[in-house]
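Coordinate-derived values only; no laboratory data. Worth saying up front: this structure is predicted, and the values here are computed from it rather than measured. Glycine also receives a Cβ, built like all others from the backbone with ideal geometry; neighbour counts cover every protein chain displayed.
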Amino acid sequence: MARVLEVHDLEKSFGGVVAARDINVTIDEGETIGIIGANGAGKTTFVNMVTGYLRPSAGRIEFMGRSILGMAPRRITTLGLCRSFQVPQVFGSETVFENVMIAMGIAESRGPALLAPLFAPARAARAETHMARYQIADYRDVAADALPQGVRKLLDIAMATVRKPKLVMLDEPTSGISVEEKFGLMDIIMAALREEETTVLFIEHDMEIVERYVSRVLAFYQGEIICDAPPAEALEDPRVKEFVVGQELHRSTHGAEETGNA
Ligand SMILES: Nc1ncnc2c1ncn2[C@@H]1O[C@H](COP(=O)(O)OP(=O)(O)O)[C@@H](O)[C@H]1O
Ligand SMILES: [Mg+2]
């Protein structure tokens, strides 16, 4: 199977805080990877470094066999490594259809301007197909601000994947979604990504979601990967139980902090 991502000895410090240390990961085509870890463990920092939003203090990052270290996020996106953020990045007053069209327009623009008409019929047809794949076509003409949270999440991920990336990294795709809705949402996302043959890595707090959807778990604790294993093994690992699963139980009993990008 083809190697998609290779990360070697990645490090990041913010002043005195070490947010990432000794991060070594390789990801192959077709894997479904779940990142777990308590708040502040370094999960988002890892995704930010790999997608170009943060410059690592040290280390190497290779995507599809070439170094992407120091590249701007937009350039990395162009190569086929895309991401979503914990808080949906949608245009609130535009409709679902318009949002998808704008995302496609941005993805397909070359040079300084969107020279081709944004609402070209060929693009509109592709937008319809993409909306259908993410099961948001029923909301086609609804403004993003008026969408139920789950649909807004789907729109956000649909927009992040208009390029049909090789690899996508989703930062907490189920945050802010009720327990009853989470599985339905993940079913749609995973089916869409499978159809597009996109390898996926996502950050997740709910261990039931992790168990159901991932082939491999990366557990973060204090900026380090303390376990890299299939879910059955990872969730039984003593350190994971103590530093991740235990923390999550505490978190869910005492009210999860579901907002913000931290
Ligand atoms: N831009 C930043 N400036 C300073 N410290 C940061 C910054 N981003 C993250 N951190 C710190 O790095 C650590 C890891 O944060 P983060 O990657 O956001 O954790 P997670 O996503 O696992 O909750 C935390 O201690 C956080 O406070
Ligand atoms: Mg985070």
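Just a few scattered comments:
- Derived scalar couplings ³J(HN,Hα) [the stretch 13-18; Karplus, 6.51 cos²θ - 1.76 cosθ + 1.60; whole Hz; x for Gly, Pro]: 10, 10, x, x, 8, 8
- Debye-sum result for the stretch 148-207 in log10 I(q)/I(0), which assumes one identical scatterer on each alpha carbon, at q = 0.19, 0.20, 0.30 Å⁻¹: -0.64, -0.72, -1.50
- Evaluating 6.51 cos²θ - 1.76 cosθ + 1.60 at θ = phi - 60° for every residue in the stretch 177-184, the Karplus couplings come out as 10, 5, 3, 5, 8, 4, 5, x Hz, glycine and proline recorded as x.
- The HN-Hα couplings worked out from phi for the stretch 42-55 by the Karplus form 6.51 cos²θ - 1.76 cosθ + 1.60 (θ = phi - 60°) are x, 5, 5, 4, 4, 5, 4, 5, 5, 9, x, 7, 9, 8 Hz, whole numbers, x standing for Gly and Pro.
- Under a model in which nothing but the beta-carbon of Lys, Arg (+1) and Asp, Glu (-1) is charged, the chain shows a dipole of about 1060 debye around its Cα centre.
- What the pair-distance distribution of the stretch 91-164 shows, using all Cα-Cα distances binned every 5 Å from zero, is 3, 18, 31, 25, 15, 7, 2, 0 percent.
- With the highest mean first, a sort of the peptides 93-102, 192-201, 162-171, 138-147 on other beta-carbon atoms found within 10 angstrom per residue produces 162-171, 93-102, 192-201, 138-147.
- Proximal lysines relative to LYS12, as straight alpha-carbon distance under 27 Å, when same-chain residues fewer than 8 apart are discounted: LYS43, LYS166, LYS241
- Student exercise, the stretch 91-164 dipole from Lys, Arg, Asp, Glu Cβ charges, in Debye to nearest 20: 360 debye
- Here the Debye sum runs over all C-alpha atoms of the chain as equal scatterers in vacuum, and log10 of I(q)/I(0) at q = 0.08, 0.15 Å⁻¹ comes out as -0.31, -1.12.
- With the convex hull of the Cα atoms taken as the outline of the stretch 51-133, the averaged projected area works out to 7.3 nm².
- Using a cutoff of 8 angstrom between alpha carbon atoms and counting only pairs six or more residues apart, the relative contact order for the chain works out to 26 percent.
- Along each principal axis, taking the top coordinate minus the bottom one, the Cα set of the stretch 126-239 gives 49, 29, 23 Å in descending order.
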